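Contents: one structure, followed by commentary.
The values are calculated or read from the model by the stated rules, or taken from the named source; none is laboratory data. None of these values were measured; they are calculated from a predicted model. Using ideal geometry, Cβ is built from the backbone for each residue, glycine included, and neighbour counts are taken over all protein chains shown.
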Amino acid sequence: MTLDTTYLRGSVVGVFSILRHATSLESTVFHFIATSHRSRRSSDLHHVITSTFPYLTFHLYHFDSNLVRDKISYFVRHALDQPLNYACIYLGDLLPSGVCHIIYFDFDLIVGDNIARLWRIDLGWRVLGALKY
């Protein structure tokens, strides 16, 4: 899940909705991607997460927004022209090699049921799955 100070409220609600329906909090690990890892904002984000969810196991990764800055079209509406919107494309480079299975959630997603069924889906040889709605 991406994490940005601009959309922090939505991210907190999204995390809460996932945890609210989780059957095993001990095995739920969040990997947050933020553009402000090396600044004061990174410690602010870390503090907000730990104070809001003191029991949450999470990791915070830095996304270098320069990777996509020149690749975003000027014709894209402003809400989509933020570099962090494209961080999911770089998950293979951002996450440690030991992370071999993830469920990616946008920061504004609200989960209404336990995601364990989604986690157990066998994708076989496929590297990506998506929900149909």
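For residues in region 51-84 being touching a strand residue (DSSP E or B) at 6+ places or on another chain (Cβ under 7 Å) and in a loop (DSSP other than H, G, I, E, B), which is modelled with the highest pLDDT? That would be 56.
In this structure, is residue 47 more than 27 Å from residue 119 (Cα to Cα), surrounded by fewer than 15 Cβ atoms within 10 Å (Cβ to Cβ) and modelled with pLDDT of 85 or more? Spelling it out, residue 47 is indeed more than 27 Å from residue 119 (Cα to Cα), surrounded by fewer than 15 Cβ atoms within 10 Å (Cβ to Cβ) and modelled with pLDDT of 85 or more. For region 23-36, filtered to residues that are part of a loop (DSSP other than H, G, I, E, B) and surrounded by fewer than 17 Cβ atoms within 10 Å (Cβ to Cβ), the residue that is modelled with the highest pLDDT is 23.
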